[in-house]
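Any read-out appearing in this document is the output of simple, stated calculations on the displayed coordinates, not a laboratory observation. Please read all numbers here as calculations on a predicted model, not as lab measurements. Note: ideal-geometry Cβ built from the backbone for every residue, glycine included; neighbour counts use all protein chains shown.
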Amino acid sequence: MPFGLERLALIPMGWGIDATIWVAQHVSALPGNVWMTPWLPAVGLLSIAHGGLWLCLWRGSWRNWGGAAIVVGFASMMLTRPPDIIIADGGRFVAARADDGHYFVSVGKGEKMARSFLAEETGEPLADWPEAGIGSAGGLECAQASCLYMARGRRVAIITSATALPLNCSGVDAIVSQVPAGFRCRSMMPVIDRIDSWRRGAVALWLEAGGISVESTNEERGDRPWVPQPRSKRQQPSAAVLSR
């Protein structure tokens with residue numbers, strides 16, 4: 001390089017990089033270039049890691065049994081069921097799973113990242129939120145300011161505007177709201193609103209015949225320094241306390 005001879009190596013290297021980019025662009029344009037897959041559960045990840053270590057550390061023909069553990073780990077993806085309802089980004093993002101497996105998504109144009117994460121995690125196609133008054137679409141029936149989601153014998157009210165509040169607590173098993181829903185129905189059923197999504201991160205609901213399971217991102221990650229734990233003004237210490 002001090003003698004200006006780096007061109008002899010860098011120019012041919014550039015040819016190789018150009019060829020690699022050309023191949024990548026043409027392959028990415030082929031149909032079926034991306035396969036969406038369900039998320040890998042923790043048990044499956046441990047099985048794959050155990051199988052890989054078994055293959056690498058042991059000697060002899062019986063080390064090949066590690067391949068079986070790897071296959072079992074990848075097969076565990078088929079045993080997982082994606083959530084039925086997801087609310088994230090402070091209530092701006094809501095998704096409901098249709099009967100055929102794809103998701104209806106109620107989200108603005110600025111929430112492309114949330115859409116991308118949902119498609120990667122579930123491996124399911126995404127569709128626009130059904131319009132009000134068109135009847136039931138994949139278990140989701142919408143009015144002007146709210147929707148009724150039905151799956152596995154459970155009914156969930158999805159509130160999209162404050163004009164649908166206050167909501168009658170009877171007739172539904174859970175409430176998911178893009179606006180603050182208050183405390184009226186919380187003692188009777190799971191209620192997840194915009195404030196819960198702000199505090200708990202993305203929240204997912206699974207509807208079963210025996211009940212409704214609720215999980216959130218922050219609760220799964222635990223109380224760690226890198227996990228956001230937002231507090232309301234009422235929970236924050238006052239300035240007088242801080243001055244002491």
(message) Given axes a ≥ b ≥ c from the Cα gyration tensor, I'd like to know whether region 1-89 is rounded (a/c under 1.5), prolate (a/b larger than b/c) or oblate.
(response) oblate
(request) Report the chymotrypsin sites (Phe, Trp or Tyr not before Pro) located in region 159-234 that are in a DSSP loop and have at most 12 other Cβ atoms inside 10 Å of their Cβ, or state none. (result) Phe183, Trp226
(message) Show me the ranking of peptides 81-87, 55-61 by mean Cβ neighbours inside 10 Å, starting with the highest.
(response) 81-87, 55-61
(message) How big is region 45-89 along each principal axis, measuring the range of its Cα positions in Å and listing the largest first?
(response) 50, 20, 7
(request) Throw me the Rg/Rh for region 166-222, computed over C-alpha atoms with Kirkwood Rh, two decimals. (result) 0.96
(message) Could you order the peptides 217-223, 147-153, 73-79, 173-179 from most to least packed, using the average number of other C-beta atoms within 10 Å per residue?
(response) 173-179, 147-153, 73-79, 217-223
(request) Determine, from the Cβ-Cβ distance of Trp15 and Leu45 and an R0 of 30 Å, the FRET efficiency 1/(1 + (r/R0)^6), rounded to the nearest 0.05. (result) 0.15
(request) At 0.36 nm per residue, minus the direct Cα-Cα distance, what do Cys56 and Arg221 gain on full extension? Give it in nm, one decimal, please. (result) 56.3 nm
